[in-house]
1. Identify all residues within segment 99-124 that are part of a loop (DSSP other than H, G, I, E, B), at pLDDT 90 or above and not polar (S, T, N, Q); write none if there are none.
2. Need a quick list: strands (runs of 3 or more DSSP E) entirely within segment 44-85 having at least 2 residues that are within 20 Å of HIS100 (Cβ to Cβ) and in the same structural domain as PRO140 (by TED's automatic domain parsing).
3. Select from segment 131-148 the residues that are surrounded by 10 or more Cβ atoms within 10 Å (Cβ to Cβ) and modelled with pLDDT of 85 or more and write down the one among them that is nearest to ILE72 (Cα to Cα).
4. Given the residues ASP75, ASP93, which is the only one that is surrounded by 13 or more Cβ atoms within 10 Å (Cβ to Cβ), modelled with pLDDT under 90 and out of contact with any helix residue (DSSP H, G or I) (no Cβ under 6 Å at 6 or more places or on another chain)?
Amino acid sequence: MNLVRWEPFRDLMSLRQAMDRLFEESFVRPSRAMALSGDGVHAPIDLYQTPSEVVVKASLPGVKPEDVEINITDDTLTIRGETKGTEELKREDYLCREHHHGSFVRSITLPHALQTDKAEATSEDGILTLTIPKAEDAKPRTIEVKAKKAIEGEKKEKK
């Protein structure tokens, strides 16, 4: 059995480090749920796949479809846009201001084997939906499993 010397300040230091980390994650760096980009405008994204396509949905409230640019380079999807403020008020007139205006950029890595040249984008009620078909070799195939006795029976019938 090894004896370990007790150092009371070692535990106190780890508590301080934990408090520093908590403070930094809570106040200094925004959390992942509130991830901001550009001038504070964020664009949350959902990415899912069906057997035949990959679908990307981005929440872009207040962004007009003509103010959105979508690029796919290799396996990276980039959504770029801008929200424009409609009200001109002096900063000191606000009691609370949570609507952010400005440009944003959001990039995400897509799965391989997509037909990006056949992608389609629609916008409805502030939700951008991008549908990208999968390449034929990337689509799942169903292979029927036959019992060995059934295969032998088919061979006898053919003779």
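1. Result: LEU110, ALA119.
2. 53-59, 68-73, 76-83
3. Out of the qualifying residues, it is ILE132.
4. Going through ASP75, ASP93 in turn, the sole match is ASP75.
The values are calculated or read from the model by the stated rules, or taken from the named source; none is laboratory data. It should be emphasised that the depicted structure is a prediction, and the values quoted were computed from it without experimental measurement. Ideal geometry is used to build each Cβ from the backbone, glycine not excepted, and the neighbour counts take in all protein chains shown.
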